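Okay, so here's the structure we're looking at.
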Amino acid sequence: MTDLHQERRCAESIARLAGNHIRRECNQQVDVSFKAPNDLVTNVDRSTERLITEHIQQAFPDDLISGEEYGQQIPEGPSENDRCWLIDPIDGTLNFSQGIPLFCVSIGFQIAGQTVVAAIYDPMRDELFSAAKGDGAHLDGQPLKTSSLDDISASVLVTGFPLGDTQHFQWTMEQFDLLTRTCRGIRRLGSAAIDLAYVAAGRMEGFWEYDLKPWDTAAGYLLVSEAGGQVTTIDGAPFSVHDSSVAASNGNLHGDFLRLLQSVT
Ligand code: IPD
Ligand code: CA
Ligand code: CA
């Protein structure tokens, strides 16, 4: 495996810089505009992505960078040497725009389409989750491990709701209903990257969602995998950031979790 030390340090320090920028900007006027109905963007999403991009370009001038607000197209069939950074400058923009202090910076680095470095920084709690492939996941330098629970009825799960009245929206509502009756509790935090980081940290046992984008999941799925969990599509196929669904768990519950999710689709 390539030595990823430099890339990991870079992802961690840029995620922190970006988070500090967001925390400062919270106290200024935040301008909100709409990319689509119910899909918000703020001036801070944009300035944060510019800041992250500039720093990555300084460190790795030849790498591709794909961010939510300005990004280039990510290669879907990447070649062996493709190096690409996937950035979500603020994951949880709706929370941010409402003054709800639950959002993060998410940075994933891929080689040949596989995430090999991840950094997720929550600036309001000053929590830095990071991982490198084969080297484990950490929270502020401490090793992370997914929960060891193997009883779905005692599990705490988290999800997000797709936009629009689609098949995926209907399925999510039915899954939400079924799982609310089956497990201990369900949360909807409003940041897919934090949802995945919390599964990695053993704070919750499972996360599922449809219609996420590569920058939402690129960092979080490596965190869960490196913390000992399992990540697939809701159909149970191996997960890639281009898939339209994700199911992440502590691993022990994965079979039961998928069976319940699939029972309504
Ligand atoms: C959103 C958040 C949310 C998820 C949405 C995402 P954004 O990202 O991750 O939890 O449910 O699907 O789009 O727009 O805040 O970067
Ligand atoms: Ca996002
Ligand atoms: Ca975003």
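The values are calculated or read from the model by the stated rules, or taken from the named source; none is laboratory data. Since the structure is predicted, the reported quantities are computational estimates derived from the model, not experimental observations. Here the Cβ positions follow ideal geometry from the backbone for every residue, glycine too, while neighbour counts run over all protein chains shown. Heads up: the accessible areas ignore ligands, DNA and RNA and are worked out on the full protein's heavy atoms, side chains in. Shrake-Rupley method; radii C 1.70, N 1.55, O 1.52, S 1.80 Å.
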Find which of Ala131, Ser33, Cys84 sits farthest along the positive direction of the dipole of segment 1-143, computed with +1 on the beta-carbon of Lys and Arg, -1 on that of Asp and Glu, about the Cα centre. Ser33
If the cut-off is 16 Å between C-alpha atoms, which aspartates and glutamates fall inside it for Lys145, apart from same-chain ones fewer than 8 positions away? Glu127, Asp135, Asp195, Glu205, Glu226
Say we join alpha carbon atoms closer than 10 Å with springs in a Gaussian network model of the chain; which of Lys133, Lys213, Lys35 then has the biggest fluctuation? Lys35
Value of [θ]222 nm, deg cm²/dmol, for the chain, DSSP H segments ≥ 4, -39500 (n - 2.57) each, nearest 500: -11000 deg cm²/dmol
Mean separation of Cα contacts under 8 Å (6+ apart) over length of segment 152-264, as relative contact order %: 28
Please give the Cα centre distance for segment 64-96 versus segment 194-226, rounded to the nearest Å. 16
Tell me the relative contact order for segment 84-136 as a rounded percent, counting alpha carbon contacts under 8 Å between residues six or more apart. 27
Total charge dipole magnitude, the chain, about the Cα centre, Cβ charges on Lys, Arg, Asp, Glu only, Debye to nearest 20: 580
So how do 54-61, 186-193 stack up, highest first, on mean other-Cβ count within 10 Å? 186-193, 54-61
Whole-Hz Karplus ³J(HN,Hα) for segment 206-213, in order, using 6.51 cos²θ - 1.76 cosθ + 1.60 and θ = phi - 60°, x for Gly and Pro? x, 9, 9, 6, 9, 6, 7, 10
Pick out which of Ser79, Ser244, Ser106 has the largest mean-square fluctuation in a Gaussian network model of the chain, springs linking Cα atoms closer than 10 Å. Ser79
For the chain, with a Gaussian network of springs between Cα atoms less than 10 Å apart, report the residue from Asn43, Asn27, Asn95 with the top mean-square fluctuation. Asn27
Can you give me the accessible area per residue for segment 20-108, using a 1.4 Å probe, in Å²? 52
List the lysines whose alpha-carbon lies under 16 Å from that of Lys213, not counting same-chain residues fewer than 8 positions away? Lys35
Whole-number percent relative contact order across segment 105-171, with pairs defined as alpha carbons under 8 Å at least 6 apart: 15
Keeping all protein chains in position, work out how much accessible area Met204 exposes to a 1.4 Å probe, and write it in Å² to the nearest 10. 10
Can you bin segment 1-148 into rounded, prolate or oblate? Criterion: square roots of the alpha carbon gyration tensor eigenvalues sorted a ≥ b ≥ c, rounded for a/c under 1.5, prolate for a/b above b/c, oblate for the rest. oblate
